[in-house]
């Protein structure tokens, strides 16, 4: 599977973020003070990420589109073709293969929320991002 530079960067970013979260060793005992410190650092990181999404809207939309495409590609059979298009060229050949990006994002969320202990650790270590992940517009 050959990934574009943009895809490789997105995957590297997701992996780096997950690694950074895991490298923040929780204190031996989770404390209210430690949680407060984590709120501050988590807030700064979250703010920086939101700022970059807004500052680079073309990249943001492109990454969202690539992720959606990867999810669709994972859901459809490998030999899926679109009417009126070259039947010898599958969707991946025509539009690029984004399954690796979808897999990486899925693994990122599995690592953070894929079990009660994962959720508890993530909520303690990165509370602002957890709040952002569960935020619902009214």
Hey, any hits in region 104-121 for a residue that's touching a helix residue (DSSP H, G or I) at 6+ places or on another chain (Cβ under 7 Å), exposed (fewer than 15 other Cβ atoms within 10 Å of the Cβ) and either within 21 Å of residue 17 (Cβ to Cβ) or modelled with pLDDT under 90 (or both)?
yes
If you take just the helices (runs of 4 or more DSSP H) that sit entirely in region 1-99, which of them hold at least 2 residues that are surrounded by 13 or more Cβ atoms within 10 Å (Cβ to Cβ), at pLDDT below 90 and touching a helix residue (DSSP H, G or I) at 6+ places or on another chain (Cβ under 9 Å)?
5-23, 57-75, 91-95
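The values are calculated or read from the model by the stated rules, or taken from the named source; none is laboratory data. On a predicted model such as this, the values are computed, not experimentally measured, just so you know. Here Cβ is always computed from backbone atoms with ideal geometry, including for glycine, and neighbour counts include all displayed protein chains.
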